[in-house]
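Here the structure comes first, spelled out in structure tokens, and everything after it is commentary.
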């Protein structure tokens, strides 16, 4: 039952271009496909129950024409794009959709899905608290438990400790392999372009975990052995921000004299920096998703409930993982990108830029409306930013 | 090598959204002359014409041009350029050539506004307005059209105002509606114009303040030719601004000076001849094709 004749990077590109191809095949073979929005629904539970997790993205090349029926243009265009595709029947292969209260807009979509998009018989909203202290983790564990009980109905089977452990190990294996993939961009020049990397990351979010893992193994070997490597460039950049699932931005940046060598985005590293820790129970999942994943949607402070003003300590506790990436990947500039109306990331930008200033790392902030066309005006600014670094 | 190099000239071409400009400098970086013309729809043809015009004006032949840098919105459409550099870097270089101490430059062009922070003649930080043309030359054109005025008479009329009308909307279309509303209320024309300038100044100064405005400040771009606009920027900013004698050419001047720097880098690498030859052939070939 080969998925395709393609292998490695070319298979990743094929899946990137036609994300639902493989899960449609699996569905014909009797598998149930569960779409999830944002990276907070624990995919380990979905995998453990024999279901196939499929991350839902919008489509930056598809004009939003249907979504205005169920939302207004002040809603973030990423979410509107998802709604738009849903209303156009492009997610008709999903047996269920899991949303999470990662931000208000992200949570709202699940009700729209239940009411306006009738294709998915199963919808679930996972409540995710917005702070990362111990009582919040306990609360989140309870919410994961509700999700578990609900999705057991869809799967028609019960989650056992053993199944969950196995799924956690497979997903941890994927995290380890993704970190190895990112290590390939530590050399100068990097062994892999950022657009190639994104194609792989999007492909992983469209495949069962075991297929994703063997794809990663193939790709790591292929890239290590291939003769043609990206050419040297003078600037090494980190890209930060919310969902970016299209190679357009990376192509644009790399058309200037710069490589993107690492990222802190929710399609890139965010879900893969840390492993789920043993014992692989629901509490470990709550800890992993709420505390170990660093996304501006979770409010983080150096000391929970601390009200004394210690700005520098707070900044460092929020962003020192970015400092580590800057050092480890030899980064000399940061591109902060955000989709329009993303208030969670918008609030973070001035603080993060200030933190980067204190590190002596130049940065630029760019905003787009989640469409390929909106990339063009950004080009001059990115090029000029790269020129200032040269 | 030095003797040859001292006889060479360098060109910067700035294909802006509205106007195209070109300048030639000598081996010392001193400007021989410049030309300015409308961009129009045919960028490539325009690039060629501007190049021919500036050579004629400066009495320099193409063979003497060692290096060409294109910049501006249409920089990709200058097929004979040796290199493309963004207008942000070029403006900074051009402004610094005219005002060596400059720390902040504000440039308002036909469809964008930019703020440049400059240190030791080099661009260190910048901001541009986003996709929308509010607060740019286009905004002024729409206002002029609405009021039935020529662009070049607006500045003079606005200087007669003591009590500028408040224009709250920065969206070009909504501001146009506000202008019409002020007209129907019988507000004097100078006050409306002064209000338009203050609205644009407020928007660009807000952009500038994100980067912390440090004096000396230089104001460039087509909009800087407007005396009313200069006054408004100074009022909103709370400090004096300098305007070059020809505020349109800082981009192409900067590009020409960068072309000179780049060419000398090539000379030091021993690649100077090669670059010159490629440039001539590409240019002639292109000129023949477009004729």
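Coordinate-derived values only; no laboratory data. Since we're looking at a predicted model, the values are computed, not measured. Neighbour counts are summed over all protein chains in view; Cβ atoms, including those assigned to glycine, are modelled from backbone coordinates with ideal geometry.
To the nearest 0.05, what FRET efficiency results for residue B:246 and residue A:74 with a Förster distance of 45 Å applied to their C-beta separation? Let's see the in-between values first.
On the way: r = 44 Å, r/R0 = 0.97.
Calculated value: 0.55.
Compute the Cα gyration tensor for segment A:238-390, then decide on rounded, prolate or oblate, letting a ≥ b ≥ c be the square roots of its eigenvalues: rounded whenever a/c is under 1.5, prolate when a/b is larger than b/c in the other cases, and oblate in all that remain.
Details: a/c = 1.85, a/b = 1.50, b/c = 1.23.
Prolate.
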The rounded separation in angstrom of the Cα centers of segment A:318-390 and segment A:19-71 is 29 Å
Mean projected area, convex hull of alpha-carbon positions in segment B:100-242, reported to one decimal in nm², is 7.8 nm²
To the nearest 10 degrees, the tilt of helix B:189-209 (Cα long axis) against the first principal axis of the alpha carbons of chain B is 60 degrees
Stokes-Einstein D for the protein assembly as shown (25 °C, 0.890 mPa s, Kirkwood Rh from Cα pairs), in µm²/s, comes to 88 µm²/s
Each label sits 7 Å from Cα toward the beta-carbon; between residue B:63 and residue B:146 the label points are separated, in nm, by 5.6 nm
Most exposed first, judged by fewest Cβ atoms within 10 angstrom, A:353, A:55, B:260 run A:353, A:55, B:260
Connecting every pair of Cα atoms under 10 Å apart in chain B and solving the GNM, the largest mean-square fluctuation among B:222, B:135, B:33 falls on B:33
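Let me make sure I get this right: for segment A:310-390, a, b and c are the square roots of the gyration tensor eigenvalues over alpha carbons, sorted descending. Under 1.5 in a/c it's rounded, otherwise prolate if a/b > b/c, else oblate. Which is it? Walk me through the intermediate numbers first.
On the way: a/c = 2.35, a/b = 1.35, b/c = 1.74.
Oblate.
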Reduced to Cα centres, the span from segment A:229-250 to segment B:150-187 in Å works out to 44 Å
Binned at 20 Å from zero, the C-alpha pair distances of chain A give percents of 28, 62, 11, 0
Only helices counted: for the protein assembly as shown, with every DSSP H run of 4 or more residues adding -39500 (n - 2.57) and the sum spread over all residues, [θ] at 222 nm is -15000 deg cm²/dmol
Rounded to whole angstrom, the alpha-carbon centroid of segment B:42-84 lies from that of segment A:163-199 at a distance of 47 Å
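Seen from all sides and averaged, what is the projected area of the convex hull of the Cα atoms in segment B:1-134, in nm²? Each step should come with its number before you reach the end.
Numbers: hull surface 34.1 nm².
Its Cα hull, projected and averaged over all orientations, spans 8.5 nm².
From the square roots a ≥ b ≥ c of the eigenvalues of the alpha-carbon gyration tensor of segment A:1-152, which class results: rounded (a/c under 1.5), prolate (a/b over b/c), or oblate? Write down the numbers at each step before the final one.
Numbers: a/c = 1.73, a/b = 1.18, b/c = 1.47.
Taking the square roots of the gyration eigenvalues as a ≥ b ≥ c, segment A:1-152 is oblate.
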Within the set B:110, B:40, B:186, GNM on chain B using Cα springs under 10 Å gives the largest fluctuation to B:186
Site residue A:92, offset 7 angstrom along Cα→Cβ, radius 18 Å on amide nitrogen, limited to segment A:31-60, gives A:33-35
Ranked on Cβ counts within 10 Å of their own Cβ, fewest leading, B:229, B:31 go B:31, B:229
So the angle from the long Cα axis of helix B:137-147 to the longest Cα principal axis of chain B, reported in degrees to the nearest 10, equals 40 degrees
For residue A:5 and residue B:160, extending 7 Å from Cα along the Cα-Cβ vector and measuring point to point gives, in nm, a value of 8.0 nm
Counting other chain Cβ atoms within 10 Å of each Cβ in B:116-126 and taking the mean gives 2
Computed on Cα atoms only, the convex hull of chain B has an orientation-averaged projected area in nm² of 15.3 nm²
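Of B:171, A:168, how do they rank once you tally other Cβ atoms within 10 Å and put the fewest first? Walk me through the numbers before you get to the answer.
Numbers: B:171 14, A:168 25.
Going from least to most buried by this count: B:171, A:168.
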